[in-house]
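Down below is the structure, laid out as structure tokens.
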Amino acid sequence: MNVPADALRVIEFLMQKTPTMIAYWDQDLRCRYANGAYRTWFGVEPENMIGTTLMDLLGPELFALNERFARGALAGVEQTFERVVPGPDGVRRNSLAKYMPDIQNGVVQGFVVTVTEITQLKQLEEALARETAMRKDIEQRAQELSDLLVERSEMLDVLAHEVRQPLNNASAALQSAQAVLVTIAPSGLTQRLERAQSVLQQVRSSIDNTLAAASLLAGPGKINRIDMDIDTFVHVCIQDLGEADQLRVRVDRQTATRTASMDLGLMRLALRNLLLNAVRHSPPDTPIVVRLADSDDPLALLIDVIDQGTGFDPQVLAHLFERGAQGRHSHGGRGLGLYLVHRILEMHGGQTSLLQQSAAGSTVRMILPPQEDE
């Protein structure tokens, strides 16, 4: 077949310019053709390679590695393998080599060599392998952390039960003693009993807040919302207060809504925290109001807790609902109460805000929206 001279010139131009090494080695492993890529890879001019043996080009060590592939090609079997080729510029190039037999009339005359640099591909593969190993390590550590969190939660539950039950028993004993002594004992004694009840209530509240904070910080799952009778909910929260404090709370119902969707345990903790906060920061003889109202924009139930205390310290107003925020009248707490109120309403898709703040009292609002359809 006659190939036009122009076509041969274009073919030769392409062969010399391609970055892939292309060469032809005969049965004696002598070079019969090499393109310009060998100048880059081996520092040898292509024309100087003609007649050179494969051993001369590669050197003893590299030839020993490649010889079996060359013999395989001369046996008529195409060879494909990877190799690191050290270059004259000190660069070690990852390569993919193919030895393709030239078979004419059933006889192998030699073989064509193509060697393509795959250094970047190998680097990407190594980076991917490191990333995969790192991801597996992170997943393993995440699982270990999850197991530790579960174990911590179980231990906290055990601790809570072991501590709460004696506190409940002590509270019940104090209430019984107070009921018996109220008519026969000096007022000072009954006041001491009331003080003891208040201390127990603070301890129970601190335990509940600490456990709730630990659970929320560990990453809460879905909350368990149910349709709850609003009056019953408020009554239960008021009953969590001491007997004397219960008498101070008045409910101002400004809504005809009867039920609301909520996680009862979490919302009970939220409202109880607001009530306890109002009790602690307002004079004993002043009322505390729980106002229930509706909101159209956004559609929600509004629960306001109103007291006649001295208000919050100005220094904490900007961080009122953040974890650890405490004023000068913190009663030795850890700044968890209002933080938990905020997080619980956030988990319900709502929010908490300081509606009014003055020396004549404060109003904290909880906005509880209806449950979104899933």
*May I ask you to list the residues in the range 97-126 that are free of Cβ contacts under 8 Å to residues at least 40 places away in the same chain, in contact with a Phe, Trp or Tyr (Cβ under 6 Å, 6 or more places away or on another chain) and under 18 Å from W41 (Cα atoms)?*
A97, Y99
_Here are the criteria: (1) modelled with pLDDT of 90 or more; (2) more than 23 Å from C237 (Cα to Cα); (3) in contact with a strand residue (DSSP E or B) (Cβ under 9 Å, 6 or more places away or on another chain). Tell me which single one D296 does not satisfy._
(3)
*Output yes when any residue across the range 304-316 is in contact (Cβ under 8 Å) with a residue 60 or more places away in the chain, surrounded by fewer than 21 Cβ atoms within 10 Å (Cβ to Cβ) and assigned to a strand (DSSP E or B), and no when none is.*
yes
*asked:* Can you confirm whether D285 is at pLDDT below 90, among the charged types (D, E, K, R), open to solvent by 60 Å² or more (accessible area, probe 1.4 Å) and outside any strand (DSSP E or B)?
replied: yes
*Across the range 35-53, what is the number of residues that are buried (at least 19 other Cβ atoms within 10 Å of the Cβ) and in contact with a Cys (Cβ under 8 Å, 6 or more places away or on another chain)?*
1
_Candidates R130, R32, R71, filtered to the one that is modelled with pLDDT of 95 or more, open to solvent by 30 Å² or more (accessible area, probe 1.4 Å) and out of contact with any strand residue (DSSP E or B) (no Cβ under 8 Å at 6 or more places or on another chain)_ = R71
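Results for (1) more than 20 Å from Y33 (Cα to Cα); (2) open to solvent by 40 Å² or more (accessible area, probe 1.4 Å), shown as yes or no for each residue.
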| site | (1), (2) |
| --- | --- |
| E82 | yes, yes |
| R93 | yes, no |
| I103 | no, yes |
| V107 | no, yes |
| I118 | yes, no |
| L121 | yes, yes |
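The values are calculated or read from the model by the stated rules, or taken from the named source; none is laboratory data. Note that the structure is predicted; figures quoted are calculated from it, not measured. Glycine gets a Cβ as well: all are built from the backbone with ideal geometry, and neighbour counts include every protein chain shown. Side chains are part of the model used for accessible areas, which takes the heavy atoms of the whole protein and leaves out ligands, DNA and RNA. Shrake-Rupley method; radii C 1.70, N 1.55, O 1.52, S 1.80 Å.
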